[in-house]
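J.: First, the structure itself, so that you have it in front of you.
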Amino acid sequence: QVQLVESGGGLVQAGESLRLSCAASGSIFSINHMGWYRQARGKQRELVALISSGGNTNYADSAKGRFTISRDNAKNTVYLQMNSLKPEDTAVYYCYANTNLRNSYWGQGTQVTVSS
């Protein structure tokens, strides 16, 4: 089992920045990818960014150039630096992890609200 705890959400104005953090605990030795998804009201959950245990990254088109995902394996933590935020980035952001046993885990979510 892997537990994920997010922090760092909040209310910002358009153009500002936020950094989300997600700390993993439990069977951390089995974690492969970590990343972030988001779900806006009335919409499906969508990928924002993923990072592998080796540091390879994958971004949604909407995140490219504005968001940066990073990972501190020593702290078992993944970060999402979000710059130049837009109102359309408003959503609940969920931390995600999968393991080499093909199990998937989710955090409880953290609200990000961007006002215009």
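J.: Tally Lys/Arg at +1 and Asp/Glu at -1 over every other residue whose Cβ is under 12 Å from the Cβ of SER21; what's the total?
T.: Net of charged neighbours comes to +1.
J.: Just to be sure I understand the model, the point goes 7 Å from the Cα along the line to the Cβ. What's the resulting ARG19 to GLN1 distance in nm?
T.: Rounded to a tenth, the inter-label distance reads 3.1 nm.
J.: Among DSSP bridges having both ends in the chain, what percentage is antiparallel? Round to the nearest 5.
T.: 90 percent
J.: What is the spin-label model distance, in nm, from SER115 to LYS86 if the labels are put 7 Å beyond Cα along the C-beta direction?
T.: 2.1 nm
J.: Give the lysines reachable from LYS64 as a straight Cα distance under 18 Å; neighbours fewer than 8 places away on the same chain don't count.
T.: LYS86
J.: Quick one: ranking VAL48, VAL5 by accessible area, 1.4 Å probe, largest first, what do you get?
T.: Listed by decreasing accessible area, they come as VAL5, VAL48.
J.: I've got another one for you. So if I place +1 on the C-beta of Lys and Arg and -1 on the C-beta of Asp and Glu, and nothing else carries charge, what would the dipole magnitude of the range 16-116 be about its Cα centre? I want it in debye, nearest 20.
T.: 100 debye
J.: Which residues does a label at SER104 reach in the range 40-67, if reach means a backbone N under 20 Å from a point 7 Å past the Cα toward the Cβ?
T.: Within reach of a label on SER104, which here means backbone N under 20 Å from a point 7 Å along Cα→Cβ, the range 40-67 contributes 40-54, 56-63.
J.: Where the accessible area of the chain is counted over protein heavy atoms with a 1.4 Å probe, how much of it, in %, is carbon and sulfur?
T.: 45 percent
J.: By the scheme Lys and Arg +1, Asp and Glu -1, what is the net charge of all other residues having a beta-carbon under 15 Å from that of ALA40?
T.: Result for the neighbourhood of ALA40: +2.
The values are calculated or read from the model by the stated rules, or taken from the named source; none is laboratory data. Note that the structure is a prediction, hence the values are computed from the model and not measured. All Cβ positions, even for glycine, are placed from backbone atoms using ideal geometry, and neighbour counts span all protein chains on display. Remember, those area values only see protein heavy atoms, side chains included, never the ligands or the DNA or RNA. Shrake-Rupley method; radii C 1.70, N 1.55, O 1.52, S 1.80 Å.
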